[in-house]
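Structure record follows, encoded as structure tokens.
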Amino acid sequence: FLDSQGISASSAAACSSNSFQASHVLRALGLKNEIALSALRLSLGKDNCEADIDKLMSILPEVVERSRLIWSMSQ
């Protein structure tokens, strides 16, 4: 859904985006595996502006709700 809104996001670093494993950094911080797997990774660059962040923040609650619904249906 974020892609369709022009927002790039990932659940992992680019170097590990082909593997579905919890971030070793988040695990080292003591997060449980299921929590670490639910992390969303966002990066900002020099071309991002406040309007980009405002757009993300306006749609993020819906994205989280959709993700929770999909996850609950898979259980």
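The values are calculated or read from the model by the stated rules, or taken from the named source; none is laboratory data. For clarity, every value in this text was computed on a predicted model and none was experimentally measured. Cβ: placed from backbone, ideal geometry, glycine included. Neighbour counts: every protein chain shown.
Taking residues in region 49-75 that are under 19 Å from Asp3 (Cβ atoms) and at pLDDT 90 or above, and partners anywhere that are in a helix (DSSP H, G or I) and not hydrophobic (A, V, I, L, M, F, W, C), the pairs with Cβ atoms closer than 7 Å and at least 6 places apart or on different chains are Ile59/Gln5. The number of residues in region 15-48 that are among the acidic types (Asp, Glu) and either in contact (Cβ under 8 Å) with a residue 60 or more places away in the chain or in a helix (DSSP H, G or I) (or both) comes to 1. In a residue-by-residue description of region 10-26, the property of being at pLDDT 90 or above and surrounded by 10 or more Cβ atoms within 10 Å (Cβ to Cβ) applies to at least one position.
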